[in-house]
Amino acid sequence: MTILEELSRRVGDAFAEVGLESKFGRVKPADRPDLAQFQCNGALAAAKAAKQNPRALAEKVCDRLRNETAFKEVTIAGPGFINITLADDDLAGRLGAILEGDSLGGWQKPEPEKILLDYGGPNVAKPLHVGHLRAAIIGESLKRIFRFAGDAVVGDVHLGDWGLPMGQLITELKREQGDLVYFDAAVEGPYPVQPPVSLADLERLYPQASAACKADRTRADEARQATAELQKGRPGYLALWKHFVAVSRAAIEQEYEDLGVTFDLWKGEADAAPLIPEMAADFAGIGLIEDSDGAQVIRVESEGDNKKIPPLMLFKSDGGVTYGTTDLATIVDRVRSDNPDRIIYVVDQRQALHFEQVFRAADLAGLFAADRLEHIGFGTMNGKDGKPFKTREGGVLRLRDMIDMVTERALARLAENGLAEGYDAAETADIARKVGVAALKFADLSNPRTSDYIFDLDRFMAFEGKTGPYLLYARVRVRSVLAKAEAAGAGAPGAIAITAPEERALALVLLGFGDALRDAHEKRLPHLLCDHAFSLAQAFSKFYAGCRIADEADDTIRASRLALAAASGRQLELILDLLGIQAPARM
RNA sequence: GGUCCCGUAGCUCAGCUGGAUAGAGCGCACGCCUCCGAAGCGUGAGGUCACAGGUUCGAAUCCUGUCGGGACCGCCA
C-alpha cells in the first residue's frame, strides 16, 4: 500500500466513523508545504452532500485523527481543509520499512496481467528515424514499469514488412537488376542464400521507388501488382522479400540496442498474413463482412456514436489487404501464441481512429474484448517551427544521426566542464553516449505522452535543470559520497533519524515513490515517474548541499545520513532503470 | 464540412474526477566552492490561466459560444 493509499484509508475511516462516506477521505500531498505535508479536502465535498457546515464537519473528523500517534499535527484551515503532518519518528519508521525490500516502496499491482506490448513498428528497408523514437522510448519504459509492478509483459517489435513498400522495392530492384532469378516467374526456387542487396541498397532503393510511384501512375500500378503477387505467395518475390527483411532487421535491432530498447518478439505483419483467409472465412461465417464498391468491409459504427467511425476495410477491390486486416490477423496470432489478457499498442496518436476501427471489429468478431485492447497514443516530436521534426534540409532525421549528435554534444560538455578527466578514451566515449542518450530519453519521457513537444537540441543538451544528465549527476554524487565515506571509515548506514528539514523533505519524496509508480502504471504515463525522479534528485541535491554526510561528527546522525544517501541512490537507480535510462558509474 | 486535441510567466511546458497564495525548468538579477563532485545550492523579479458568457459558497479546471493553432476523416502503412 502506498503512503497516500494508507493515509486515505485512515482518514476515510474517520469519515466513516462520523457517518460519512469514506471516499471523502482521499489524501494528497499538501499544496501548501509551509502548512503541512498532506491534506484532505473531503470535508468540503462531504459538507455539500450532507448539507452541513464544512468546518464543523472537518472538526469532527479531526477529533478522530488526533489520537493517532503517527500524526504530529492535524489542523483545519480555511473553509475546512484538513492538514496533516506526520511525526518524524513515523517518517523514519516508514522509510526504514521500505528500505528493507528490493522494491524500495515501489507499487506492486494487486492483480497482475499478461500483457502483449506492441511498441515498435519500424519498416523494412527504411532506417529508423525520429518518428520511431517516441514509440520505442515510451514503450520500453512502460514495459519496465509493468514488469516491475508484477505484470508479465511480452514486447513485440511488429515489423512493417508486408505492405505496398515491399512491392515498390521489388519493382525498383527489377528495374535495376531485372535478370535476377527472383524475377523469373518460371523458376520456383531454390534461390541463393546470399542476399542480392545490401542495407545501403535497400536504403537507396526505397526512397527511389517511393518517389517514382508518387510521380508516375504506371510505376505505382506495377508496385501494387507486385505487392498483390507477393501477398499471394509468388515464390521468387517471397524469397526476395525474406532477404529484404533479414538485411533490415539486423540494422534495426542494432539501432534499438543503442537506445537501450529491446524486444522479446520480432514478429511482423507477414506473420499474420497466412491467418487472413481463415479469419476472413470466420468473419464471413458470422455475417460480419459486407461488400462496398467491390471492397470487403466490416461496419463498426454503433448506436450512440457521436462521431462517424468508417468501416474497416478487410480487402481492397484489388483483393489486397490493408493494415487493418493484418492488425486483426495479428490479434488472432497473438491469442494463439501468447494468449495475453491485454494487448497494448504504443503508436502515434494520429492513428487513434484506425485502432478504434480495429478494436471494434475485433470485439464484434469475438476475437478480443475491446476493453482489453488499448491504444496508448502519443504526440509528435516537432521542430522549432511546431511541425513534425525535419532536418535543415527538410528530410527525416535518422535515429543513428540523432544518437551521434547527442553523443558529440555530451562529449563536448564533458570537456568543457573538466569532467571525465583522466578517464581512458573508451570510458569517456561510453559516458558521453550514456549522458547523451539519457538527455534524449528523459526529454522525451518527461513530456506527457499525449502531447506534442518541441525538440530543441540546445535546450536538451544544456544538461542543466530538469534533464537526464541532472539525474545522472545526482546518482554519481551519491556514489561518490558513499565511496568517500567508506574510504574514510565513516561506518555503516544506520537507522534513519530526522534532524534537519532537508532530511525530512528527502524522506517525504522517497516515500512518494509508490504513488508515483502507481499513477504512472495506471495511467500509462511515464512522465509521472520522471517528475518523481526529478523531485528525488532535487531533494537529494538540497540534502547534499545542506547537510554533511561522510564527515558528520555525530555518529547517529552520520549513520542516518549515510542511509538516506544510500536510499536515494538505490531509488534513483531503480527509477532510471524503469525509464530505460542507463547511468554511468561516474561522469 | 464533420470529429477530436490544444491556447497558462520572455521561452519550453506541468497543473484540469472544481477548493487555500496557479507551479517547474530555461532565461534574467543577486548570492554561495579554505567544506563529501558548482552539470550543484540559495534569494528575487516575472502571469487579465486566448476571449465572452454560464453553473457554483468557490472555476486555469465543468458547460455554451467566439477567435487562433494542430490532428484525423474506407481502397498508403
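The criterion of being under 25 Å from residue A:582 (Cβ atoms), out of contact with any Ser or Thr (no Cβ under 9 Å at 6 or more places or on another chain) and near RNA strand B (Cβ under 8 Å from one of its atoms) holds for residue A:462. On inspection, residue A:271 passes the criterion of being within 14 Å of RNA strand B (Cβ to nearest atom), of a type in the set (Asp, Glu), surrounded by 17 or more Cβ atoms within 10 Å (Cβ to Cβ) and not in a strand (DSSP E or B). Within the range A:565-584, is even one residue near RNA strand B (Cβ under 9 Å from one of its atoms) and part of a helix (DSSP H, G or I)? Yes, the range A:565-584 contains a residue that is near RNA strand B (Cβ under 9 Å from one of its atoms) and part of a helix (DSSP H, G or I). On the stretch given as the range A:214-228, residues that are open to solvent by 20 Å² or more (accessible area, probe 1.4 Å) and either outside any helix (DSSP H, G or I) or free of Cβ contacts under 8 Å to residues at least 60 places away in the same chain (or both) total 9. Residue count for the range A:515-571, restricted to those that are farther than 30 Å from residue A:375 by Cα and among the charged types (D, E, K, R): 9. Reported count of residues in the range A:65-107, each being surrounded by 14 or more Cβ atoms within 10 Å (Cβ to Cβ) and over 35 Å from the mean Cα position of the chain (by Cα), is 15. Mind checking whether some residue in the range A:469-489 is more than 9 Å from RNA strand B (Cβ to nearest atom), open to solvent by 30 Å² or more (accessible area, probe 1.4 Å) and assigned to a helix (DSSP H, G or I)? Checked against the condition, which is being more than 9 Å from RNA strand B (Cβ to nearest atom), open to solvent by 30 Å² or more (accessible area, probe 1.4 Å) and assigned to a helix (DSSP H, G or I), the range A:469-489 yields at least one hit. Tell me whether the range A:457-467 contains one or more residues that are within 16 Å of residue A:575 (Cα to Cα) and crowded, with 19+ Cβ neighbours inside 10 Å. Yes, the range A:457-467 contains at least one residue that is within 16 Å of residue A:575 (Cα to Cα) and crowded, with 19+ Cβ neighbours inside 10 Å.
Can you pull out the residues in the range A:347-393 that are hydrophobic (A, V, I, L, M, F, W, C), surrounded by fewer than 16 Cβ atoms within 10 Å (Cβ to Cβ) and more than 17 Å from residue A:333 (Cα to Cα)? Within the range A:347-393, A:352, A:353 qualify.
Among the helices (runs of 4 or more DSSP H) confined to the range A:25-109, the ones with at least 1 residues that are closer than 26 Å to residue A:503 by Cα are located at A:54-65, A:88-100.
Tell me the residue from A:561, A:524 that is of a type outside the set (Gly, Ala, Ser), touching a residue at least 40 places away in the same chain (Cβ under 8 Å) and on the phi > 0 side of the Ramachandran plot, please. If you could, list the steps in order and put the result at the bottom.
Working: A:561 fails: on the phi > 0 side of the Ramachandran plot.
Just one listed residue meets the conditions, A:524.
Residue under question is residue A:431, and the condition is that it be modelled with pLDDT of 95 or more and open to solvent by less than 60 Å² (accessible area, probe 1.4 Å); does it hold? Against the criterion (modelled with pLDDT of 95 or more and open to solvent by less than 60 Å² (accessible area, probe 1.4 Å)), residue A:431 qualifies. Being closer than 30 Å to residue A:582 by Cα, more than 16 Å from RNA strand B (Cβ to nearest atom) and among the aliphatic types (A, V, I, L, M): is that true of residue A:199 here? Yes; evaluated as a whole, the condition is true for this residue.
Taking residues in the range A:343-361 that are more than 12 Å from residue A:301 (Cα to Cα), and partners anywhere that are part of a helix (DSSP H, G or I), the pairs with Cβ atoms closer than 6 Å and at least 6 places apart or on different chains are A:346/A:135; A:346/A:138; A:346/A:139. Once the range A:18-57 is narrowed to residues that are open to solvent by 100 Å² or more (accessible area, probe 1.4 Å) and within 42 Å of the chain's Cα centre (by Cα), the residue that is farthest from RNA strand B (Cβ to nearest atom) is A:21. With respect to the conditions (1) open to solvent by less than 10 Å² (accessible area, probe 1.4 Å); (2) touching a helix residue (DSSP H, G or I) at 6+ places or on another chain (Cβ under 6 Å), residue A:153 falls short on a single one, namely (1). Just one of the listed residues (A:380, A:326) is among the β-branched types (Val, Ile, Thr), touching a residue at least 40 places away in the same chain (Cβ under 8 Å), in contact with a Pro (Cβ under 7 Å, 6 or more places away or on another chain) and within 16 Å of RNA strand B (Cβ to nearest atom), and it is A:380.
Report the residue count in the range A:447-498 for those that are of a type in the set (D, E, K, R) and in contact with a strand residue (DSSP E or B) (Cβ under 6 Å, 6 or more places away or on another chain).
Residues meeting the conditions: 2.
Tallying residues that are touching a helix residue (DSSP H, G or I) at 6+ places or on another chain (Cβ under 9 Å) and within 23 Å of residue A:34 (Cα to Cα) within the range A:60-75 yields 11. Selection within the range A:517-554: residues that are of a type in the set (S, T, N, Q) and open to solvent by less than 50 Å² (accessible area, probe 1.4 Å). The member of this set that is nearest to RNA strand B (Cβ to nearest atom) is A:541. Hey, does the range A:497-504 have a residue that's within 13 Å of RNA strand B (Cβ to nearest atom), part of a helix (DSSP H, G or I) and farther than 15 Å from residue A:99 by Cβ? Yes. The sole residue among A:411, A:419 that is surrounded by 15 or more Cβ atoms within 10 Å (Cβ to Cβ) and part of a helix (DSSP H, G or I) is A:411.
The values are calculated or read from the model by the stated rules, or taken from the named source; none is laboratory data. Note that the coordinates shown come from a computational prediction; the quantities given were computed from them, not determined experimentally. Methodologically, a virtual Cβ is constructed for each residue, glycine included, from the backbone with ideal geometry; neighbour enumeration extends over all protein chains shown. Side chains included, ligands, DNA and RNA excluded: accessible areas come from the protein's heavy atoms. Shrake-Rupley method; radii C 1.70, N 1.55, O 1.52, S 1.80 Å.
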